[in-house]
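So the structure is just underneath, and the comments pick up after that.
All of the numbers you see were taken from the coordinates with simple rules; none came from a lab. Treat the numbers as computed from the prediction; the structure is a model and nothing was measured. Counting neighbours? That spans all protein chains shown, and the Cβs are built from the backbone with ideal geometry, glycine included.
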Amino acid sequence: MSVDKEYFTFRLLKRDDLPLFAQWLGEDHVYQWWRAPSTTEYVEQKYGKSIDGFSQTQVYIAEYLGTPIGMIQTYWLKDFPKNISAIEHDNAIGIDYFIGDMQYVNKGYGTRLVAQFIEKIIREKTSATYVFADPEITNPRSIRMLEKVGFVRANIFTDEEKKHQYMFLRLVR
């Protein structure tokens, strides 16, 4: 089956999603990079403020043909001074993402998901001029996916003993 970008939808995270989100965090291909507890309690503690509208981060569930397959979150870098000083763009939105459902991994869904999210959510609903991501340098699959979307590599930084590749996409407005 080809991955058709018209079939992706994005909706804000709801409490009903927390058990599935926790399950995804426990999947080996997610845990390897997120290293977060796979419990509903953890997800509630970490993302409950976003659900309630009290967080600077917006968390979305990505659906393909109506089936939840992953998560993508956004935040303005200016709300996180540590990041803004490192990248030198004050009108940038950061993204973090994963495909949680293993049957959608390594089949092109991530590339289409991120590309469509940028078009439907970031470009249409914000004034951002840059999109930023920072995968670990030991995650070449994520780096390649971002390059397919149009991101370019910038500097490498170390955070908590892990090296990350800063990557940017300039939005033409």
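Principal semi-axes of the equivalent ellipsoid, √(5λ) from the alpha carbon gyration tensor of the chain, are 22, 19, 18 Å from largest down.
Residue by residue, region 47-57 carries 3J(HN,Hα) couplings of 10, x, 4, 5, 4, 7, x, 10, 10, 7, 9 Hz when phi is fed to the Karplus relation 6.51 cos²θ - 1.76 cosθ + 1.60 (θ = phi - 60°); x denotes Gly or Pro. A DSSP coil position with no more than 16 other Cβ atoms inside 10 Å describes the following trypsin sites (Lys or Arg not before Pro) in region 88-136: 107.
Exposure proxy for 167, 102: other Cβ atoms within 10 Å of each Cβ, ordered fewest to most, give 102, 167. Restricting attention to region 5-170, the count of lysine pairs at 8 or more positions apart or across chains with alpha carbons under 23 Å apart stands at 25. Summary of the geometry: region 8-87 and region 99-173, compared by the centres of their Cα atoms, lie 15 Å apart.
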